[in-house]
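The values are calculated or read from the model by the stated rules, or taken from the named source; none is laboratory data. What you see is a predicted model; the values in this text were computed from it and never measured. Here the Cβ positions follow ideal geometry from the backbone for every residue, glycine too, while neighbour counts run over all protein chains shown.
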Amino acid sequence: MNPEHVPDPLSTPMLNLPTFDIPERDPLSWKMTWEEVTEETEEQRQFYMKHYDSPERRLRDKNPKPFRLH
């Protein structure tokens with residue numbers, strides 16, 4: 001058997017990817033302007049800023065307390 005004709009199994013992976021009869025479409029947001037998107041998501045942004053983010057936390061994350069062995 002000639003080694004030049006033997007395919008390398010690692011170079012040709014067998015991918016069993018799904019095929020769709022109808023192409024997938026993006027949600028309707030692709031038709032929205034940036035201003036409409038920001039207006040629509042303002043409530044979620046405010047909730048996130050109130051519960052998960054703050055200027056203090058961002059400052060702390062950027063400048064963590066240095067590790068020191070005592």
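What number of residues within region 40-70 are surrounded by fewer than 10 Cβ atoms within 10 Å (Cβ to Cβ), among the charged types (D, E, K, R) and either part of a helix (DSSP H, G or I) or in contact with an Asp or Glu (Cβ under 6 Å, 6 or more places away or on another chain) (or both)? Lay out the reasoning, then the answer.
Start the filter on region 40-70 by keeping residues that are surrounded by fewer than 10 Cβ atoms within 10 Å (Cβ to Cβ), which leaves 43-44, 50-52, 55-56, 59, 61-70.
Remaining after also requiring among the charged types (D, E, K, R): 43, 50, 56, 61-62, 65, 68.
Next, from what is left, pick out any that are either part of a helix (DSSP H, G or I) or in contact with an Asp or Glu (Cβ under 6 Å, 6 or more places away or on another chain) (or both): 43, 50, 56, 61-62.
Final tally of qualifying residues: 5.
Each residue in region 13-39 was checked for being at pLDDT 85 or above and either outside any loop (DSSP other than H, G, I, E, B) or small (Gly, Ala, Ser) (or both), and 6 pass.
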